[in-house]
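Written below as structure tokens is the structure these notes are about.
Derivation of every value follows stated rules applied to the coordinates shown; laboratory data play no part. Since this is a predicted model, take the numbers as computed values, not measurements. No Cβ is skipped: glycine too gets one built from the backbone with ideal geometry, and neighbour counts run over all protein chains shown.
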Amino acid sequence: MKKFILAIAVVLSATCLQAQTKVGTIDADYILGQMPEISKVEEGLKTYNTELQAELQTSIKKYEELIAAYQANNTTYTVEEKTSKESEIMEVENEIKNFRQKASVLVQMRRNELTQPFYLKIDEAMKTVISVQGYTQIFNSSTNGLAFADPKFDITDAVLEKLGITAK
């Protein structure tokens, strides 16, 4: 009898706990893409990328000039001068390789810096929607960790509405 009462208590408490949990999803990246201000971010990123490309082109030009000078004067250099020029060329070549690797990280960091205020704005609107609609958990569906989500629990449109944005 005790086991029967315990089993009923467990089933009832599990049902109560399940009824108290309301899980939803949001696509924050989609919302970000719908924000009119995102065009300014894209312009800022293009400008930054242009600056990085100009810096890279300067290094490439320097590298090409060093190679041309080395090839033109190779026969007149002493052994020490050759070694010095070769080291300088290799140093500039390594700088170019490192810069290319670093550039994508720099662009991503700038993107994060420029979009951070918008994500904060989305977060505030999301918290309001969560509070009004009584959600206990929200998953971001723009990350690849979500296998399935019922569209009726997606609050993306409600957050867009809260932000005053009409989806395109």
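GNM, the chain, Cα, under 10 Å: largest mean-square fluctuation among 38, 60, 155?
Per the Cα network of the chain with a 10 Å cutoff, 60 tops the list.
List 23, 41 from most exposed to least, where exposure is judged by having the fewest other Cβ atoms within 10 Å.
Numbers: 23 12, 41 18.
Least to most surrounded, the residues fall as 23, 41.
Would you please give the FRET efficiency between residue 79 and residue 111, computed as 1/(1 + (r/R0)^6) with r the Cβ-Cβ distance and R0 = 41 Å, to the nearest 0.05? Show your work: numbers first, answer last.
On the way: r = 49 Å, r/R0 = 1.19.
Taking R0 as 41 Å, the efficiency between residue 79 and residue 111 is 0.25.
Roughly how big is the chain's charge dipole about its Cα centre, with Cβ charges of +1 (Lys, Arg) and -1 (Asp, Glu), in debye to the nearest 20? Could the numbers behind the result be given before it?
Numbers: 19 positive and 23 negative charges, 223 e Å.
Roughly 1060 debye, rounded to the nearest 20.
Based on Cα positions only, what radius of gyration and what Dmax would you give for the stretch 22-163, in angstroms?
Here Rg and the maximum Cα pair distance are 25.3, 81 Å.
What order do you get for 121, 22, 97 when you list them from fewest to most C-beta neighbours inside 10 Å? Don't skip to the end; give the middle numbers.
Working: 121 17, 22 13, 97 10.
Ranking 121, 22, 97 by Cβ neighbours within 10 Å, fewest first, gives 97, 22, 121.
Answer with one residue from 134, 159, 67: the one whose Cα lies farthest towards the positive end of the charge dipole of the chain, charges on Cβ with Lys, Arg +1 and Asp, Glu -1.
Selected residue: 134.
Could you please rank 29, 123, placing first whichever residue has the fewest other Cβ atoms within 10 Å of its Cβ? Display every interim value, and only then the final one.
Numbers: 29 16, 123 13.
Fewest-to-most ranking of 29, 123: 123, 29.
Give the relative contact order (percent, whole number) for the stretch 22-163; include only Cα pairs under 8 Å separated by 6+ residues.
On the way: 96 pairs, mean separation 81.2, N = 142.
This gives 57 percent for the stretch 22-163.
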